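S.K.: For reference, the structure I am asking about is given below.
The values are calculated or read from the model by the stated rules, or taken from the named source; none is laboratory data. Values in this document were obtained by computation on a predicted structure and should not be read as measured data. Counting neighbours? That spans all protein chains shown, and the Cβs are built from the backbone with ideal geometry, glycine included. Side chains included, ligands, DNA and RNA excluded: accessible areas come from the protein's heavy atoms. Shrake-Rupley method; radii C 1.70, N 1.55, O 1.52, S 1.80 Å.
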Amino acid sequence: VAACIILFVASGRRVLAGITLTTIVAYLGVTAAVTEWRSHFRQALVTAESATKGRAVESLLNYETVKYFSAASHEAQEYRSRLGEEQRAETASERSLVLLNGLQQVIVCGGLLASMLHAASAVRAGECSVGEFVLVNSY
């Protein structure tokens, strides 16, 4: 990315360098902010997974006690409840990841679109060649 910006500045294409820099700064800023925001979803998922696994292990370790007190249906219901909580936490975590990936793609595509539109207008105005347009598309 730094090489791209340097190349654009050296060739007098400061607008393209600005678009590239703005895109990278926006990408990093959004990624950091959304990752921080979604960390509580990941923590909730880890907690729910731990509770589900803990309940299963506890039930298996206390198998005889559970059978003696005829609590198998209660244990099964508790496990189903914990499993449901885990699935809800996993869904929330996955949705937040989808949001992050979508925002990242919008930023990258927006930067590419702005760069391509600027390069196309420069080709049309005769300020650069088609080869330079391809160079912009490559970077």
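S.K.: For region 32-85, enumerate the residues that are among the hydroxyl-bearing types (S, T, Y), closer than 30 Å to Q104 by Cα and loosely packed, with under 13 Cβ neighbours inside 10 Å. Quick ask: steps written out before the conclusion?
M.R.: Initial filter on region 32-85 (among the hydroxyl-bearing types (S, T, Y)): 35, 39, 47, 50, 52, 59, 63, 65, 68, 70, 73, 79, 81.
Checking which are closer than 30 Å to Q104 by Cα leaves us with 35, 39, 47.
Once the filter is applied, which keeps residues that are among the hydroxyl-bearing types (S, T, Y), closer than 30 Å to Q104 by Cα and loosely packed, with under 13 Cβ neighbours inside 10 Å, region 32-85 yields only S39.
S.K.: Among the residues of region 55-85, which ones are modelled with pLDDT under 75 and touching a helix residue (DSSP H, G or I) at 6+ places or on another chain (Cβ under 7 Å)?
M.R.: Correct list: V66 only.
S.K.: Identify, by number, the condition in (1) surrounded by 12 or more Cβ atoms within 10 Å (Cβ to Cβ); (2) over 30 Å from S11 (Cβ atoms); (3) among the small types (G, A, S); (4) modelled with pLDDT of 90 or more that G102 doesn't meet.
M.R.: (1)
S.K.: Something else: State whether one or more residues within region 51-72 are over 25 Å from the mean Cα position of the chain (by Cα), within 22 Å of F8 (Cβ to Cβ) and in a loop (DSSP other than H, G, I, E, B).
M.R.: Pass one, region 51-72, residues over 25 Å from the mean Cα position of the chain (by Cα): 51-72.
Those left that are additionally within 22 Å of F8 (Cβ to Cβ): none.
No: region 51-72 contains no residue that is over 25 Å from the mean Cα position of the chain (by Cα), within 22 Å of F8 (Cβ to Cβ) and in a loop (DSSP other than H, G, I, E, B).
S.K.: Let me ask you something else. Tally up the residues in region 14-48 that are touching a residue at least 40 places away in the same chain (Cβ under 8 Å) and not β-branched (V, I, T), please.
M.R.: Qualifying residue count for the region: 10.
S.K.: Does L28 count as out of contact with any helix residue (DSSP H, G or I) (no Cβ under 6 Å at 6 or more places or on another chain), modelled with pLDDT of 85 or more and open to solvent by 60 Å² or more (accessible area, probe 1.4 Å)?
M.R.: Values: out of contact with any helix residue (DSSP H, G or I) (no Cβ under 6 Å at 6 or more places or on another chain): yes; modelled with pLDDT of 85 or more: yes; open to solvent by 60 Å² or more (accessible area, probe 1.4 Å): yes.
So L28 passes the test.
S.K.: Within the bounds of region 4-25, is there any residue that is within 30 Å of E127 (Cα to Cα), of a type in the set (K, R) and open to solvent by 90 Å² or more (accessible area, probe 1.4 Å)? Before the answer, list the steps.
M.R.: Of all residues in region 4-25, those within 30 Å of E127 (Cα to Cα) come to 4-25.
With of a type in the set (K, R) added as a condition, the list becomes 13-14.
From what's left, open to solvent by 90 Å² or more (accessible area, probe 1.4 Å): 14.
Yes, some residue in region 4-25 is within 30 Å of E127 (Cα to Cα), of a type in the set (K, R) and open to solvent by 90 Å² or more (accessible area, probe 1.4 Å).
S.K.: Now a separate question. In region 108-123, which residues are farther than 17 Å from Y27 by Cβ and polar (S, T, N, Q)?
M.R.: Hit for region 108-123 is S121, nothing else.
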